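Okay, structure first, notes after.
The values are calculated or read from the model by the stated rules, or taken from the named source; none is laboratory data. Quantities reported herein were computed from a predicted structural model and do not represent experimental measurements. Ideal geometry is used to build each Cβ from the backbone, glycine not excepted, and the neighbour counts take in all protein chains shown. Ligands, DNA and RNA are excluded from the accessible area calculation, which covers all protein heavy atoms including side chains. Shrake-Rupley method; radii C 1.70, N 1.55, O 1.52, S 1.80 Å.
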Amino acid sequence: MKKIVNIIAIFLVLFLLTFTVNIYAASLDNLEITTDKQTVHPGETVTLNVQFGQDMGAYTVNVDYDENLLEYVSSQGGTANNTGSKVILTYYYNAGADSTPSTSASISFKAKEAIITTNPTDLSVTLTGLGDPDANPIDDITVPIVKNLIVEPVYVDYDIALNYTGEIVPKEEKNMEIVISSTMGKSYAHTRIIAEAVTPNGESVKLLATDSQSLEHDIIQSGWGSADGDAIGGKDVVKKLATRGVFSDYGDYSITLKLIDRDNSDSVIASKTFTIAVKEKPAEIVPPAEEQVPPTTENNKPTQTPSTLPKTGNTIYLSILPIVAILAIVYISLRKKK
């Protein structure tokens, strides 16, 4: 009886050793799954690569993906079936469907064109139907191996403008417009506008804006926007704010406008500095009186203009009387001859 028990114990030990060796030999110890990029832009492709670390006679690679962000493009190392949200790639060397063992497989996806925001996503991978070239089974990997991705557009930095027309004079309100824009702006849930000013010695400046509650705010002192911040982002985004600048005196002022992210310790998203020349209000110019230039003679000597015009009536009569007298004498002489 004791001999039988010893024999059974020996068989159990051998069985356990064999089982342990089989488990170890049937594991993919050198398996490596990677992607060729972590951020994918619209129209770009990302490829999932599976390196088995040994020759494989059979496998099925299952990859779940978000069909709202990605679309299947192509694969290598097997026959692919795309269900719309999952790609199933199978390889059957052991069954004679494929000619040689395989050591790797790859599946490519493309980011969809209509994406305008940042979208975290992933590729979830499981491996089933595993076997070596001799048809020995290898343990399936049913716990998903997750490869994280970010699908987002190519963002364009925000631009800040401070627009106004005409000259600025001291102590007079000047209508000014702040414009924040981008053809493809990254989305932020909570942002504010703040301003900083550098003024001539002893002078001050205000940049005033009125909110929907008719409350006036000096952006330089308190910024603009709700305490939590306002959202911004998207395609062809334009944010405008009507303000009024008041400058205490003439000189060169510097105003720096910043867009900050409240969700990231008020980090600066965009910043721009503007130099503003405030000029003195010009005095009213009175045209000089027209000067009277005296007439000149040919020798450039001034001539005297008579204060009264000569009387010409007697002169005419004096010229006529001698003529009349002569005619009378001639007439009388002719009469005597007759």
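Sorting 175-183, 113-121 by average packing, meaning the other beta carbons within 10 Å per residue, from highest down gives 175-183, 113-121.
How large, in percent, is the carbon and sulfur part of the accessible surface of region 162-280 at a probe radius of 1.4 Å? Carbon plus sulfur share of accessible area: 44 percent.
Computing FRET efficiency as 1/(1 + (r/R0)^6) for Lys235 and Glu177, where r is the C-beta to C-beta distance and R0 is 35 Å, gives about 0.95.
Normalised per residue, the accessible area of region 176-273 is 51 Å², obtained with a 1.4 Å probe and no contribution from ligands, DNA or RNA. Applying both filters, DSSP loop and at most 16 other Cβ atoms within 10 Å, to the trypsin sites (Lys or Arg not before Pro) of region 146-199 gives Lys171. Considering only lysines 8 or more places apart in sequence, or on different chains, count the pairs in region 98-195 whose C-alpha atoms sit under 22 Å apart. Lysine pairs meeting both conditions in region 98-195 amount to 4. With q set to 0.21, 0.25 Å⁻¹, the log10 of I(q)/I(0) for region 153-195, from the Debye formula over equal scatterers at the Cα positions, is -0.81, -0.97.
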